[in-house]
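Novice: I'd like to ask some things about the structure below.
The values are calculated or read from the model by the stated rules, or taken from the named source; none is laboratory data. This one's a predicted model, so the numbers in the text were calculated from it and none came from an experiment. In this analysis, Cβ positions are derived from the backbone assuming ideal geometry, glycine residues included, and neighbour counts consider all displayed protein chains. Heavy atoms of the whole protein, side chains included, go into the accessibility calculation; ligands, DNA and RNA do not. Shrake-Rupley method; radii C 1.70, N 1.55, O 1.52, S 1.80 Å.
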Amino acid sequence: MQREGIGMSHFSVTNVLSACARSLALEQGKQIHGHGIKAGFFSHLYVASALVDTYAKCGLIEDARQVFNKMSTRDVLSWTAMISGYAKCGDVESGRELFDKMPERNMAGMKPDDVTFIVVLSACSHAGLVDEGRKYFDSMARDYCITPKEDHYACLIDLLGRAGQLDEAMDCITNMPFKPNANVWNALLGACRLHGNLELGIHAAERLLELEPQASATYILLSNIYAAVGRWDDAARVRKLMKDRGVKKEPGLSWIEVKNKMHKFIAEDRSHPQTEDIYAMLENLYEQMKEAGYVVNTNLVLHDVEQEQKQQSLSHHSEKLAIAFGLISTTRGTPLLIIKNLRVCGDCHTAIKFISKIVNREIVVRDTSRFHHFKDGLCSCGDYW
């Protein structure tokens with residue numbers, strides 16, 4: 001636009017910021033912020049809300065809060081974006097505190113909407129706040145005249161399931177005022193995988209396959225449930241069924257931006273020009289990690305292979321390769337931001353905690369669920385995600 005001599009408007013700035021938020025393009029978002037300040041666009045409600053959303057989704061929660069605090073007026077979108085940012089970064093208490101201030105801070109009587117409640121319920125789920133989540137769910141109809149929809153029930157099922165209350169989760173599904181959708185069964189299936197409930201997991205998977213026969217995640221989760229209890233033949237049968245039906249598994253990918261260039265990695269990746277240096281760094285890290293007490297969690301390799309093969313498989317996951325590349329490509333002390341298209345696995349989560357302490361750096365991993373801020377051997381999620 002600028003090269004063509006076309007001036008920016010608050011509409012174009014809002015749209016570009018929204019695109020930056022969706023793609024986690026932080027540097028571009030910062031540039032738009034700078035141009036917007038010069039043009040005086042950030043007095044506009046929608047532009048400021050989009051900037052809050054961009055910084056929050058890129059993990060810069062303090063920057064998002066600064067923009068939020070400077071807004072002269074706010075709507076439900078800006079409040080929800082800020083609350084969601086806190087939740088995604090693991091600061092659930094700040095998100096809940098902000099949520100509780102919504103009605104009293106708005107002179108026009110603005111209150112949380114159904115999207116705000118999805119954000120708050122999801123935050124409670126990922127923090128293990130079962131009682132608080134129940135209270136928020138019950139308050140929807142009672143205090144705000146909002147009738148819970150399928151996605152709210154899916155959040156409630158996820159909340160109960162993650163906490164191991166699978167019977168109650170199933171009772172909730174049975175008594176829902178409508179037929180459960182795929183999100184509801186997905187939440188239950190994920191909880192069954194987490195807690196090793198084979199019987200209920202099979203039931204949830206069967207319902208899911210009726211609704212979404214081409215969804216690869218269902219086959220993978222069901223196969224993983226079988227594998228976790230040593231039923232390798234059943235696990236192989238599910239994978240064969242997936243293959244026979246032409247269902248493709250989404251590969252795990254990780255990205256890291258270094259010097260304005262995005263670098264992509266897959267597990268066991270050897271296509272990068274600096275492959276030798278990356279693997280040498282990983283080997284060096286593993287030696288230090290083992291000395292510090294790290295033990296590879298081979299239970300997370302859900303294939304019937306030898307122990308050594310399991311360790312090899314885990315050690316070269318895409319996020320570990322991206323981190324190793326970041327360490328050899330940036331100056332000492334520089335924080336690293338890794339983007340992952342799937343949920344980070346338990347072994348990688350443990351390994352990155354060790355790495356953050358060994359290299360004395362903050363490492364941020366954005367997976368499909370949230371931001372994980374690793375620092376000094378700890379993670380912002382408290383190992384509950």
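Novice: Return the percentage of antiparallel bridges among DSSP beta bridges fully within the chain, rounded to the nearest 5 %.
Specialist: Bridges in the chain that DSSP calls antiparallel: roughly 80 percent.
Novice: Count charges around residue 198 for me, please; just the other residues with Cβ under 13 Å from its Cβ, Lys/Arg as +1, Asp/Glu as -1.
Specialist: Summing Lys/Arg as +1 and Asp/Glu as -1 gives -1.
Novice: In debye, nearest 20, what is the charge dipole magnitude of region 53-174 about its Cα centre with +1 on Lys and Arg Cβ and -1 on Asp and Glu Cβ, if you could check?
Specialist: About 420 debye.
Novice: How do 325, 354 rank by accessible surface area computed with a 1.4 Å probe, from largest to smallest?
Specialist: These residues rank, largest area first, as 354, 325.
Novice: Spelling out what I want: for every residue of region 129-135, take phi, set θ = phi - 60°, compute 6.51 cos²θ - 1.76 cosθ + 1.60 (Karplus), and round to whole Hz; glycine and proline get x.
Specialist: 8, 5, 4, 5, x, 4, 4
Novice: Now for a separate question. Apply the Karplus parameterisation 6.51 cos²θ - 1.76 cosθ + 1.60, with θ equal to phi minus 60°, to every residue of region 161-178 and state each ³J(HN,Hα) to the nearest whole Hz, in sequence, with x for glycine and proline.
Specialist: After applying 6.51 cos²θ - 1.76 cosθ + 1.60, I find x, 4, 7, x, 8, 6, 5, 5, 4, 5, 4, 4, 5, 4, 9, 5, x, 8 Hz.
Novice: Enumerate the amide H contacts of residue 364 below 5 Å, restricted to partners 5 or more residues apart or on another chain; note that Pro and chain-start residues carry no placed amide H.
Specialist: Those qualifying (amide H under 5 Å, at least 5 residues apart or on another chain) are 336, 337, 338, 374.
Novice: On to the next question. Over the chain, what portion of Cα pair distances is larger than 36 Å, expressed as a whole percent? Don't jump to the answer; show the numbers that get you there.
Specialist: Values: 22426 of 73920 pairs.
Value for the chain: 30 percent of Cα pairs lie more than 36 Å apart.
Novice: Turning to a different aspect of this structure: Putting +1 on Lys and Arg Cβ atoms and -1 on Asp and Glu Cβ atoms, find which of 61, 205, 221 reaches farthest to the positive end of the dipole of the chain.
Specialist: The one lying farthest along the dipole's positive direction is 61.
Novice: Another question, if that's okay. How large is ³J(HN,Hα) for each residue in region 49-63, as worked out from phi by the Karplus curve 6.51 cos²θ - 1.76 cosθ + 1.60 (θ = phi - 60°), to whole Hz, x for Gly and Pro?
Specialist: Calculated HN-Hα couplings, in order: 5, 5, 5, 4, 5, 5, 5, 5, 6, 8, x, 8, 5, 5, 5 Hz.
Novice: Taking a cut-off of 13 Å between Cα atoms, list the aspartates and glutamates near residue 111, but don't count ones fewer than 8 places away on the same chain.
Specialist: 75, 100, 143
Novice: Here is a follow-up. Would you please calculate the Kirkwood hydrodynamic radius of region 77-170 over all C-alpha pairs and express it in Å, rounded to one decimal? Don't jump to the answer; show the numbers that get you there.
Specialist: Numbers: mean 1/r = 0.0753 Å⁻¹.
Hydrodynamic radius (Kirkwood, Cα pairs) of region 77-170 is 13.3 Å.
Novice: State the answer as a single residue: which of 348, 363, 331 lies farthest towards the positive end of the charge dipole of region 328-385, with beta carbon charges of +1 for Lys and Arg and -1 for Asp and Glu, about the Cα centre.
Specialist: Positive-end residue among those listed: 331.
Novice: Taking H placed 1.01 Å from N in the peptide plane, check which residues at least 5 places from residue 89 or on another chain put their amide H under 5 Å from its amide H.
Specialist: 371
Novice: Taking K and R as +1 and D and E as -1, what net charge do the other residues with C-beta under 11 Å from the C-beta of residue 376 add up to? Don't skip to the answer; put the middle values down first.
Specialist: Values: positive: 353, 357, 361, 375; negative: 362.
Charge balance in the 11 Å sphere: +3.
Novice: Please list, or write none, the lysines whose alpha carbon is within less than 16 Å of the alpha carbon of residue 179, excluding same-chain residues fewer than 8 places away.
Specialist: Excluding near neighbours in sequence, the set is 149.
Novice: For region 168-291, what does the relative contact order come out to in percent, with C-alpha contacts under 8 Å and a separation of six or more?
Specialist: Numbers: 96 pairs, mean separation 18.4, N = 124.
Across region 168-291, relative contact order equals 15 percent.
Novice: Related question: Take each of the peptides 285-297, 154-166, 124-136, average the number of other beta-carbon atoms within 10 Å over its residues, and list them starting from the highest.
Specialist: Sorting 285-297, 154-166, 124-136 by mean packing, highest first, produces 154-166, 124-136, 285-297.
Novice: When the accessible area of region 234-304 is split by element with a 1.4 Å probe, what percent falls to carbon and sulfur? Write out the running numbers ahead of the final one.
Specialist: On the way: 2320 of 4800 Å².
So the carbon and sulfur contribution to the accessible surface is 48 percent.
Novice: I've got another one for you. Round to a whole number: what % of the accessible area of region 158-229 belongs to carbon and sulfur, probe 1.4 Å? Write out the running numbers ahead of the final one.
Specialist: Values: 1570 of 3140 Å².
Result for region 158-229: 50 percent of the exposed heavy-atom area is carbon or sulfur.
Novice: Another one. State in Å² the accessible area per residue of the chain; use a 1.4 Å probe, count heavy atoms of protein chains only, and round to the nearest integer.
Specialist: Dividing the accessible area of the chain by its residue count gives 50 Å².
Novice: Relative contact order for the chain using alpha-carbon pairs under 8 Å, separation at least 6, rounded to a whole percent?
Specialist: Relative contact order, the chain: 10 percent.
Novice: Say the cut-off is 22 Å between C-alpha atoms; which of 290/353; 88/375; 248/340; 320/353; 88/248; 290/340 go over it?
Specialist: 88/248; 290/340
Novice: In debye, nearest 20: dipole of the chain around its Cα centre with unit charges on the Cβ of K, R (+) and D, E (-)?
Specialist: 980
Novice: Could I ask something else about it? Among 46, 182, 81, pick out the residue whose Cα is farthest towards the positive end of the charge dipole of the chain, where Lys and Arg carry +1 and Asp and Glu carry -1 on C-beta, about the Cα centre.
Specialist: Checked the options; the winner is 46.
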